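Undergrad: After the structure tokens below, expect a handful of questions from me.
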């Protein structure tokens, strides 16, 4: 009887050790997968993940019934990879250095609202276009993901994403559509306005644009 009890206890201890070992192995595997997904994430995979989610949102029948919720979801998804502060700084050019932290925050928020609302309607007009990722170039902490959009009528146009790596995360700071840089385009407009009428006028125009978006 004592021998059987000793064997049972030994077996129980063995099971406990096995379970503990399996938990340790499982934790290690999960950590490795998480670490690997971070290490091997590429600019293209990050862009594709965001674009795929955007397409899912605009294609959803439920989302189409709730335009406001759809727009909110789009903004949330896009903001995960788009660095609006970086885009605002590059679009404003040398004037950025002359702004106080509070002024930079104000400009970045106004600028991001203009971008989100200006391109929101275009994104929501998605009509089963095919996205093809063609090439990825990485130089140090900068990268460019080249893609093209193929419409249902077989028309094509290019969209290139320019990214920068910040603290191990790739974020978009510019989008080039058919060779035209969004940031460069805005920088030309902003520079002209500041040169002719000063920075306060640019701020006034951005605020006015934001008010237009709020109007029904």
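Undergrad: Name the single residue, out of those in region 73-108 being in contact with a strand residue (DSSP E or B) (Cβ under 8 Å, 6 or more places away or on another chain) and not in a helix (DSSP H, G or I), that is farthest from residue 189 (Cα to Cα).
TA: Selected residue: 81.
Undergrad: I would also like to ask the following. Being loosely packed, with under 14 Cβ neighbours inside 10 Å, modelled with pLDDT under 95 and in a helix (DSSP H, G or I) narrows it down to one residue among 201, 212; which is it?
TA: After ruling out the rest, the residue left standing is 212.
Undergrad: For residues in region 112-134 being part of a strand (DSSP E or B) and in contact with a helix residue (DSSP H, G or I) (Cβ under 9 Å, 6 or more places away or on another chain), which is nearest to residue 45 (Cα to Cα)? Walk me through how you get there before you give the answer.
TA: Filtering region 112-134 for residues part of a strand (DSSP E or B) gives 130-134.
Narrowing further to those that are in contact with a helix residue (DSSP H, G or I) (Cβ under 9 Å, 6 or more places away or on another chain): 131, 133.
Numbers: 131: 13, 133: 10 Å.
Out of the qualifying residues, it is 133.
Undergrad: If I filter region 45-55 for residues that are touching a helix residue (DSSP H, G or I) at 6+ places or on another chain (Cβ under 7 Å), part of a helix (DSSP H, G or I), surrounded by 16 or more Cβ atoms within 10 Å (Cβ to Cβ) and at pLDDT below 90, do I get at least one hit?
TA: There is no residue in region 45-55 that is touching a helix residue (DSSP H, G or I) at 6+ places or on another chain (Cβ under 7 Å), part of a helix (DSSP H, G or I), surrounded by 16 or more Cβ atoms within 10 Å (Cβ to Cβ) and at pLDDT below 90.
Undergrad: With respect to residue 149, is the statement that it is closer than 25 Å to residue 42 by Cα and either touching a helix residue (DSSP H, G or I) at 6+ places or on another chain (Cβ under 7 Å) or without any contact (Cβ under 8 Å) to a residue 12 or more places away in the chain (or both) true?
TA: No.
Undergrad: While we're on this one: Being touching a strand residue (DSSP E or B) at 6+ places or on another chain (Cβ under 6 Å), at pLDDT 95 or above and assigned to a helix (DSSP H, G or I): is that true of residue 183 here? Before the answer, list the steps.
TA: On the way: touching a strand residue (DSSP E or B) at 6+ places or on another chain (Cβ under 6 Å): yes; at pLDDT 95 or above: yes; assigned to a helix (DSSP H, G or I): yes.
In short, yes.
Undergrad: Can you pull out the residues in region 115-145 that are closer than 15 Å to residue 53 by Cα and within 17 Å of the chain's Cα centre (by Cα)?
TA: 120, 123, 124, 131
Undergrad: Looking at region 128-143 only, could you name the residues that are in contact (Cβ under 8 Å) with a residue 24 or more places away in the chain, over 22 Å from residue 58 (Cα atoms) and either surrounded by 16 or more Cβ atoms within 10 Å (Cβ to Cβ) or in contact with a strand residue (DSSP E or B) (Cβ under 7 Å, 6 or more places away or on another chain) (or both)?
TA: 136, 141, 143
Undergrad: Out of all the residues in region 150-165, which are part of a strand (DSSP E or B) and surrounded by fewer than 16 Cβ atoms within 10 Å (Cβ to Cβ)?
TA: Initially, region 150-165 is screened for residues part of a strand (DSSP E or B), giving 150, 156-165.
If the condition is that a residue be part of a strand (DSSP E or B) and surrounded by fewer than 16 Cβ atoms within 10 Å (Cβ to Cβ), then 150, 156, 157, 158, 165 are the ones that fit.
The values are calculated or read from the model by the stated rules, or taken from the named source; none is laboratory data. This is a predicted model, so every value here is computed, not measured. We place every Cβ from the backbone using ideal geometry, glycine too, and count neighbours over all the protein chains shown.
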